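K.L.:
Supplied in structure tokens, the structure appears directly below.
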């Protein structure tokens with residue numbers, strides 16, 4: 001019995017922890033069989049902690065569609081200088097990710113931003129270093145924000 | 001057990017000597033001043049990764065760890081080539097790392113880089129009783145597979161408490177929102193935890209609540225030992241038994257008792273030490289330490305319910321799956 005429980009615990013918690021890496025389970029919300037690749041203009045940003053939602057208007061031959069793209073905490077962005085003044089309506093972004101499992105698009109289509117970038121190369125969303133944590137100079141690549 | 005006591009005594013001597021008595025900041029009512037906004041964001045995790053063989057690591061090893069972390073984030077920020085689209089069937093993923101705040105380097109204590117928060121057991125691993133952990137699996141499986149109504153989902157998804165042990169005790173770092181605000185008044189210390197807006201009120205020299213009252217984040221009673229705030233917490237909420245994040249997974253049963261020590265060691269740092277005693281889930285005590293560093297600015301208001309479109313999406317997703325399976 002003990003051995004069985006150990007095996008169950010090891011297998012279960014190993015898989016489980018891969019799923020629990022954020023405030024909620026993405027696999028429960030988004031459809032891995034519904035990938036998206038959209039380019040559109042930001043129409044609104046909901047700066048809500050822990051989930052900012054970026055509303056993007058996409059125009060194609062079938063007309064205009066507004067997507068709500070889920071992002072993480074605005075806290076980190078603001079600490080890195082990304083504010084309401086820099087991520088403004090009209091900004092073009094590319095979103096590559098997955099649509100929600102519910103696809104009624106009422107009132108908006110919903111997607112997660114597996115990869116969100118600006119096409120002008122500004123790399124605002126690329127935060128590989130200098131993520132807002134206090135610095136002690138150990139990482140020479142930390143950007144100087146002075 | 002003796003080694004554990006030795007470690008605590010040693011660290012107490014070290015920390016008190018690092019800030020001269022006349023420099024210790026006081027509140028207007030005379031208590032040592034711990035107030036401010038603090039963060040424990042760091043690459044150092046609760047348990048020691050296999051690639052580290054000791055608690056203290058060299059600056060070179062710490063730099064390598066920082067470089068690996070930076071390279072890893074580059075990779076996950078750039079999952080596709082330019083113009084390439086995501087493929088059906090892949091993991092839906094999470095956020096760009098710019099949304100996260102996991103820290104960029106290992107933390108230092110007394111000028112030494114640390115490979116784990118755990119300082120006891122010596123191997124940097126939790127002394128788990130796997131049989132107790134295995135017993136938790138069925139309820140956790142249900143929590144992350146059922147979606148008939150919100151109450152079946154996890155506490156984090158329901159905006160009740162943060163995932164992992166962000167709010168503690170013990171307070172452990174996660175991938176983002178690692179901020180805490182400490183506010184003191186005569187007889188009380190309040191710790192506001194950014195994730196998810198939890199406020200732990202520590203009653204100084206108070207008495208514990210009856211055992212059947214189990215608040216979120218437990219029942220905390222504190223007292224001062226010199227310039228160190230010592231907090232003992234028990235009566236942990238039964239729904240907070242299992243606390244999981246990608247950086248740590250801990251089990252805290254109804255028997256768990258946590259002792260924390262907060263010592264202001266400089267203008268910019270609090271040394272945070274803790275010890276967990278839970279004989280149902282662990283074969284031994286476990287203890288750790290990490291710095292809480294002064295954070296710039298204020299904590300961004302947490303408005304979990306207001307922005308929680310996710311709960312509706314999760315429930316809608318479950319209905320869609322039911323429809324497909326009919």
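FYI, it's all coordinate maths here, none of it is from the lab. Just so it is clear, the structure is predicted and the values come from calculations on it, not from any experiment. All Cβ positions, even for glycine, are placed from backbone atoms using ideal geometry, and neighbour counts span all protein chains on display.
K.L.:
Going by how many other Cβ atoms sit within 10 Å of their own, how do B:314, B:24, A:36, A:78 line up, fewest first?
P.N.:
Starting with the residue having the fewest Cβ neighbours, the order is B:24, A:78, A:36, B:314.
K.L.:
Considering only DSSP beta bridges with both partners in the range A:25-117, what is the antiparallel share in %, to the nearest 5?
P.N.:
Antiparallel bridges make up about 85 percent of those DSSP assigns within the range A:25-117.
K.L.:
Using a ≥ b ≥ c from the Cα gyration tensor of chain B (square roots of the eigenvalues), is it rounded, prolate or oblate, where a/c under 1.5 gives rounded and otherwise the larger of a/b and b/c decides, a/b for prolate?
P.N.:
Prolate.
K.L.:
Okay, next question. In nm, give the distance between the simple-model label positions of residue B:230 and residue B:53, each being 7 Å from the Cα along the Cα-to-Cβ direction.
P.N.:
Spacing of the two 7 Å Cα→Cβ label points: 3.8 nm.
K.L.:
When a/c is below 1.5 the answer is rounded, else prolate if a/b is larger than b/c, else oblate, so apply that to the range B:269-326 with a ≥ b ≥ c taken from the square roots of the Cα gyration tensor eigenvalues.
P.N.:
In terms of gyration-tensor shape, oblate.
K.L.:
Between residue B:90 and residue B:301, 0.36 nm times their residue separation minus their Cα-Cα distance comes to what?
P.N.:
That pair, residue B:90 and residue B:301, stretches by 72.6 nm at full extension.
K.L.:
Relative to the first principal axis of the alpha-carbon coordinates of chain B, what is the inclination of helix B:130-143, with its axis defined by its Cα atoms, in degrees from 0 to 90 and to the nearest 10?
P.N.:
Value to nearest ten degrees: 50.
K.L.:
Let me know the shape class of the range A:25-117, please: from the alpha-carbon gyration tensor, a ≥ b ≥ c as square roots of the eigenvalues, rounded when a/c is under 1.5, otherwise prolate if a/b is greater than b/c, or oblate.
P.N.:
In terms of gyration-tensor shape, oblate.
K.L.:
Please work out the FRET efficiency for the pair residue B:68 and residue B:239, using the Cβ-Cβ distance as r and a Förster radius of 30 Å; give the result to the nearest 0.05.
P.N.:
Plugging the Cβ-Cβ distance into 1/(1 + (r/R0)^6) gives 0.25.
K.L.:
Could I ask something else about it? Give the separation of the Cα centroids, the range B:254-325 to the range A:27-102, in Å.
P.N.:
Centre-to-centre distance over Cα atoms comes out at 27 Å.
K.L.:
Counting DSSP beta bridges in chain B, what percent are antiparallel, to the nearest 5?
P.N.:
If I count the DSSP bridges inside chain B, around 95 percent turn out antiparallel.
K.L.:
Could you tell me how many degrees, from 0 to 90 and to the nearest 10, lie between the Cα long axis of helix B:59-77 and the main elongation axis, the longest principal axis, of the Cα atoms of chain B?
P.N.:
Here the helix axis deviates by roughly 30 degrees.
K.L.:
Taking Cα atoms, how many degrees apart are the long axis of helix B:2-18 and the longest axis of chain B, rounded to 10 and kept between 0 and 90?
P.N.:
Approximately 70 degrees, to the nearest ten.
K.L.:
Fewest to most neighbouring Cβ within 10 Å: what's the order for B:224, B:133, B:28?
P.N.:
Fewest-to-most Cβ neighbours within 10 Å comes out as B:28, B:224, B:133.
K.L.:
In which sequence would B:252, B:135 go, from the one with the fewest C-beta neighbours within 10 Å to the one with the most?
P.N.:
With the sparsest Cβ surroundings first, the list reads B:135, B:252.
K.L.:
Let me ask something else about it. Please compute the modelled spin-label separation between residue B:277 and residue A:85, points set 7 Å along Cα→Cβ, answer in nm with one decimal.
P.N.:
5.4 nm
K.L.:
At 7 Å along the Cα-to-beta-carbon direction for both residue B:131 and residue A:106, put a label point, then send me their distance in nm to one decimal.
P.N.:
Taking the two extended label points, one gets 5.3 nm.
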